[in-house]
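Have a look at the structure below before the remarks.
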Amino acid sequence: MRAFTLRFGALMLFLAVGASAQMERAELASLRQDVMLLTQRVGELTMTVEQLTRENSALQDKANRSYATVEQLNKAIADVNRTLESELVDQKREILAQVAGQLEKLGKQTNAALDALAKSQATRPVVQTTFAEDFPKEGINYTVQSGDTLAVIARKNGAKLQDIINANKIADPTKIRVGQTLFIPLAK
């Protein structure tokens, strides 16, 4: 029985070593498969990185061609400002020349109107008005209302028309204005 036990033990050992070797082979096969999958995945990632690198390079080229630098923008703005200032100076000069021409024309028209007025005044006889001082010195102040004439004011206040003219030294009795204050002498 001892020999049997030894044989059984050896068989068990052989089976155990065989099973262990089989397990190791299965693990090794599994590891090989994992390494193959990892190698395949690394290859895919390498291709993706290469594609992203190409796309990034293309975008950088496009950005360099499509966009101006801050310095270029500042230079362009400065050029536009110089052009605008030059045009504004020219426009101001033109406007001032137009205004000067219009002022000169207006000055000539004003002078012509003044000359015409002076000529018409020169042809009119000059009437020197004198005012009598024999009106009553007591009276009231009256403010001219719309529609008033000296005759109407005299009638309203019971005064003489000539006394109102003399007291207020009115050269043209037709030219009184609304809001004007007149002294109305009271009748004697």
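The values are calculated or read from the model by the stated rules, or taken from the named source; none is laboratory data. Only a predicted model underlies this, so the values are computations on that prediction, with no experimental measurement involved. Don't worry about glycine lacking a Cβ; one is built from the backbone with ideal geometry, like all the others, and counts go over all protein chains shown. Ligands, DNA and RNA are excluded from the accessible area calculation, which covers all protein heavy atoms including side chains. Shrake-Rupley method; radii C 1.70, N 1.55, O 1.52, S 1.80 Å.
The condition of being in contact (Cβ under 8 Å) with a residue 40 or more places away in the chain and of a type in the set (Lys, Arg) holds for only one of Lys105, Lys75, Lys160, Lys137, that being Lys137.
Do the conditions hold for Asn157, that is, is it over 19 Å from Thr129 (Cβ atoms), touching a Ser or Thr at 6+ places or on another chain (Cβ under 6 Å) and among the polar types (S, T, N, Q)? No, not satisfied. Quickly run through region 170-183 and pick out the residues that are touching a residue at least 40 places away in the same chain (Cβ under 8 Å) and either of a type in the set (Gly, Ala, Ser) or open to solvent by 70 Å² or more (accessible area, probe 1.4 Å) (or both). Scanning region 170-183 gives Ala171, Thr181. When we screen Ala132, Ala78 for residues that are hydrophobic (A, V, I, L, M, F, W, C), at pLDDT 85 or above and touching a helix residue (DSSP H, G or I) at 6+ places or on another chain (Cβ under 6 Å), the only hit is Ala132. Go through region 135-161 and report how many residues are farther than 20 Å from Val178 by Cα and open to solvent by 100 Å² or more (accessible area, probe 1.4 Å). Of the residues in that region, 3 qualify. If you check Arg155 against the conditions, is it out of contact with any His (no Cβ under 8 Å at 6 or more places or on another chain), assigned to a loop (DSSP other than H, G, I, E, B) and modelled with pLDDT of 90 or more? In short, no. Would it be correct to say that Thr130 is open to solvent by 60 Å² or more (accessible area, probe 1.4 Å) and not in a helix (DSSP H, G or I)? Yes; evaluated as a whole, the condition is true for this residue.
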